[in-house]
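A short worksheet on the structure shown next.
The values are calculated or read from the model by the stated rules, or taken from the named source; none is laboratory data. Model, not experiment: these values are computed from the prediction. Glycine gets a Cβ as well: all are built from the backbone with ideal geometry, and neighbour counts include every protein chain shown.
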Amino acid sequence: MSTNVVNSAPPELVVQNYFNMVGAIASRIERHVPSHIDVQDLVQTGMIGLLEASERFDSSRAVELSTYANSRITGAILDEMRRWDTCSRKDRRNAHAIEQAKAQLRQKNSEGRSKEEIAEAVGLGLEEYDRTLHHLESNRRTPAARISTMIQ
């Protein structure tokens, strides 16, 4: 177990000094997730990562606290998002492919496309297409869904 030799500052001081870093990391991650995820939830989780980084920082290694904290903050946010995600990775991949297919079909023709055309463009059967959309939609309705979508 590592010792915290350099950063013996109280947690309040660590938070004060690195709060902007946590906010910047949370904002960067927020750009890659759906709009229903609140950046403040990401900041709160990032603050937990910051405090853990402060406690576990080992000054004997050739790494700055800010570098170590950046990694721990990002990891804490991503771990929390994975923990609450009720959709499988396969569903996430399919959802991403569906969105790309919709965008490509819109570029070809401004008219709306049917779900059959979208499913075919993605290479999914209609049943698998409907199942994927159902899983994603039901995930958005759950209370834990505020931080549920993994970064792709």
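At-a-glance table
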quantity: In region 46-102, the residues that are out of contact with any Leu (no Cβ under 8 Å at 6 or more places or on another chain) and of a type in the set (Val, Ile, Thr); calculated: 48, 63, 67, 74, 86
quantity: Exclusive hit being surrounded by 16 or more Cβ atoms within 10 Å (Cβ to Cβ) and more than 12 Å from the chain's Cα centre (by Cα), set 54, 66, 60, 88; calculated: 54
quantity: Single match in 65, 51, 42 (criterion: outside the structural domain of residue 138 (by TED's automatic domain parsing), closer than 25 Å to residue 10 by Cα, touching a Phe, Trp or Tyr at 6+ places or on another chain (Cβ under 7 Å) and touching a residue at least 12 places away in the same chain (Cβ under 8 Å)); calculated: 65
quantity: Odd one out for residue 98 among (1) of a type in the set (A, V, I, L, M, F, W, C); (2) exposed (fewer than 12 other Cβ atoms within 10 Å of the Cβ); (3) within 30 Å of residue 120 (Cα to Cα); calculated: (2)
quantity: Residue within region 37-46 that is closer than 30 Å to residue 124 by Cα and under 11 Å from the mean Cα position of the chain (by Cα) present; calculated: yes
